[in-house]
Amino acid sequence: MTDPAIEAIQQALDVTLPAFYIEFLQQHALEHTRNFNDLTSLLGVEDVVQRNRDYEIQRWMPGYIMIGNDSGDYGILVRDAVTNDPRIYLAGLGVLSVDDTAILDHSIATWAERGYPCDSEEVIEPSPYTRQREAAMEAYRLTPDYLWHQRAGELQLELNTIEKAKAGKAIDLKTYLARKKEIQANIALHEANNDGYLPFHQWWMR
């Protein structure tokens with residue numbers, strides 16, 4: 001690992017790599033991209049510039065640098081040295097947003113001690129977006145909208161169950177027809193009582 005290689009990255013991306021990341025690159029002689037577990041792939045020096053350009057990281061998330069990915073749809077990032085932020089971040093690469101960026105760990109050292117996890121279920125702090133959504137879901141569960149849609153789902157499940165029972169010949173035709181008629185009547189009555197109740201995604205965005 002050479003200083004010119006590090007300098008080339010900084011000039012190409014117009015960033016200042018944090019000292020802890022430079023030390024990590026040098027410590028692991030990370031010239032080529034390497035897997036650190038079954039999912040976590042950390043970029044070698046030769047790939048850092050291209051991957052950041054491919055996903056336009058500096059355009060959509062100024063001050064961030066992509067250093068790896070989960071071998072899928074999530075990128076692993078650090079902050080530019082000027083922020084003096086030692087944390088490791090996880091962000092979806094489909095729609096990049098600081099508000100939808102979670103904290104994987106407080107430092108690269110403690111992240112390494114944990115075995116470089118990069119699953120969204122293993123973050124130590126969820127993204128602001130996730131926290132907002134979870135809070136909204138808690139509020140939604142107290143609304144008549146939630147209760148109406150929950151009951152609608154239960155009725156649909158009852159209908160699906162009776163259809164599966166018929167297909168598997170678990171009930172006779174007479175029982176099936178009577179039960180189906182009853183469920184369909186309950187569904188019709190329930191839908192007639194829909195006072196404009198919204199599913200969660202519409203309720204939240206209203």
**OP:** Return the total of residues in the stretch 152-179 being in contact with a helix residue (DSSP H, G or I) (Cβ under 8 Å, 6 or more places away or on another chain) and within 21 Å of Arg206 (Cβ to Cβ).
**Re:** 1
Original post:
Is it fair to say Asp73 is touching a Leu at 6+ places or on another chain (Cβ under 6 Å) and either at pLDDT below 95 or among the charged types (D, E, K, R) (or both)?
Top reply: yes
**OP:** Examine the stretch 78-89 for a residue that is in a helix (DSSP H, G or I) and buried (at least 17 other Cβ atoms within 10 Å of the Cβ), and state whether such a residue exists.
**Re:** yes
Original post:
Restricting attention to the stretch 1-38, which residues are buried (at least 17 other Cβ atoms within 10 Å of the Cβ) and aliphatic (A, V, I, L, M)?
Top reply: Ile6, Ile9, Leu13, Val15, Leu17, Ile22, Leu25, Leu30
Original post:
Given the structure, is Thr101 surrounded by 20 or more Cβ atoms within 10 Å (Cβ to Cβ) and touching a Cys at 6+ places or on another chain (Cβ under 7 Å)?
Top reply: no
Subject >> Flag for Gly94 being of a type in the set (Gly, Ala, Ser) and not in a helix (DSSP H, G or I) >> reply: yes
**OP:** Can you give me the number of residues within the stretch 131-146 that are over 15 Å from Met205 (Cβ atoms) and either surrounded by fewer than 15 Cβ atoms within 10 Å (Cβ to Cβ) or aliphatic (A, V, I, L, M) (or both)?
**Re:** 6
Original post:
For Tyr55, all conditions in the list (1) crowded, with 17+ Cβ neighbours inside 10 Å; (2) over 23 Å from Glu122 (Cβ atoms); (3) under 19 Å from the mean Cα position of the chain (by Cα) hold save one; what is the number of the exception?
Top reply: (2)
Original post:
How many of the residues in the stretch 165-204 are among the β-branched types (Val, Ile, Thr) and either within 28 Å of Ala135 (Cβ to Cβ) or part of a loop (DSSP other than H, G, I, E, B) (or both)?
Top reply: 1
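The values are calculated or read from the model by the stated rules, or taken from the named source; none is laboratory data. This one's a predicted model, so the numbers in the text were calculated from it and none came from an experiment. Heads up, the Cβs are rebuilt from the backbone with ideal geometry, glycines too, and the neighbour counts pull from every protein chain shown.
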